[in-house]
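A short worksheet on the structure shown next.
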Amino acid sequence: MTDMLTRSAVDHPPSTGVRRILKHPALMHHNRLAAGVWAVNLVLLATVPLNPGTLSYLALGNVALAVLIRQQYVINLLFRLATSAPTTWPLRVRWTLAKVYHFGGLHVGGATAATAWFLGFVVAATLDPLPVAQLAVCYTLLVLLVGVVATALPWFRGRFHDAFEKTHRFGGWAALCLLWTQTLLAGDRPAMVVLSVLTASIASPWLRLRRVSVHIDRPSSHVALVRFDHGVTPFAGSSTAVSRRPLLEWHSFANIPEPGRSGFRLTISRAGDWTGRFIDDAPETVWVKGIPTAGVANIETLFTRVVYVATGSGIGPCLPHLLAQKVPALLVWATRDPRKTYGDRLVDDILAVQPDAWIWDTGDRGKPDMVRMALDACREFDAEAVICISNRKLTWQVVRGVEERGIPAYGAIWDS
């Protein structure tokens, strides 16, 4: 392996100039989409009359974008449209289409632009006073929107994720109620239609809320293999939101359906307080909501051959695609003592479909250079793209390192 790793760095030297700049995480497609939303809004700022009515509709339009782009049916539709392109299309086009999972940039752009437009509306409404009741609602809603946006900033979300999640959920519901109140007081019928659509969109996952039984195996203190069989067999590459306290916290995990068998599995690894409690105090039932929703690795069908790069529990999101075998793939998996940690059955399932998988035991061999392994695997397997499922730091390192060498690469961007 050492010789191959050395050759890969020579075969794929990092690009220089514009490409290297464009592959910086700060310029990822998520941020470009957010900037695009702001660009459109700035054009509107310069071209439309800025009266209170226009400002309110611009704010509502951006709210609609922010809400609907996160709707599960919309997400699945976006993935279906993006991945419908045939592999005969130019690689550059497919490379860009596969960035579909960066759609969260539209959510960020819409939410922040809506807050800015609503601030303008409140200023206009103060200078040309609305009735006291409407003005009170407007000020309350503005404070709430600013609070939701502020707690969603990356530095806050990363340090206080539970607080972010609660603020986003309850703050979002409260904002919707205040928007309805303001709209009803104003008697604005077009706005009522838009709010009706947004309300249905937000409510739809909760209308499918259910408590289901689960069977849990713990091959080690590090991981729980959770089996579901409640009449739902999700598609490979989807995820399910799971909770023990449905109003307070939700965690999404990749579904692992088994061909020819009903139900599915989840792989939950110890990565924090919630997962640790789940493993140590395994529940008999959990709450689920909504529908199975497409995840990043669904973009595999845009390429003729792919390399999956995973570390530790990142094998979970990779496994359903490996089992489905829709696209020729090679697995590169770095983890500590895989059989002891994840159990013989899961490892045997992997080897049954990936007999040539590159499995690196970090307990015996230490941490590998995952960028070099990914590049070497691409060359050996003649792959068009790399899909990396790992922690934030390593995922971005692999994606950037591979793309700087002219190979499409994809991985989670932790935007939710």
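Every read-out reported here was derived from the displayed coordinates using simple, explicitly stated rules and does not represent laboratory data. Remember, it's a predicted structure, so these values are computed and weren't measured experimentally. Reconstructed Cβ throughout: ideal geometry from the backbone, glycine too, with neighbour counts over all protein chains shown.
Some notes on this structure:
- Residue-span extension gain [Asp364 to Leu135] - 0.36 nm each, minus C-alpha spacing: 75.8 nm
- DSSP-assigned coil residues among chymotrypsin sites (Phe, Trp or Tyr not before Pro) in region 90-178, each with at most 13 further Cβ atoms within 10 Å: Phe160
- Surface/4 of the Cα convex hull for region 98-207, nm²: 8.4 nm²
- Label-point separation in nm, Leu351 to Glu249, each point 7 Å along Cα→Cβ: 3.6 nm
- Listed by chain and number, the lysines whose C-alpha is less than 20 Å from the C-alpha of Lys166, apart from same-chain residues fewer than 8 away, are Lys289.
- Here the simple spin-label model places points 7 Å from the Cα toward Cβ, and for Leu153 and Lys393 these points are separated by 2.4 nm.
- Within region 210-294, the proportion of Cα pairs with more than 17 Å between them is 43 percent.
- Partner aspartates and glutamates for Lys340 [C-alpha distance under 18 Å; skip if fewer than 8 residues away on the same chain]: Asp217, Asp280, Asp348, Asp349, Asp361, Asp364
- Note on Leu97/Leu207: beta-carbon distance plugged into 1/(1 + (r/R0)^6) with R0 of 30 Å gives a FRET efficiency of 0.40.
- Farthest toward positive dipole pole in the chain [+1 Lys/Arg, -1 Asp/Glu at C-beta], among Ala113, Ile350, Ala377: Ala113
- The chymotrypsin sites (Phe, Trp or Tyr not before Pro) of region 227-302 that meet both conditions, a loop assignment by DSSP and at most 16 other Cβ atoms within 10 Å of the site Cβ, are Phe235.
- Extreme residue, positive dipole direction of the chain, given options Pro320, Gly411, Pro246 (C-beta unit charges): Pro246
- Listed peptides 60-73, 301-314 appear in the order 301-314, 60-73 once ranked by packing, highest mean of other Cβ atoms within 10 Å at the front.
- Distance in nm between pseudo-label sites at Asp229 and Arg169 (7 Å out along the Cβ direction from Cα): 3.0 nm
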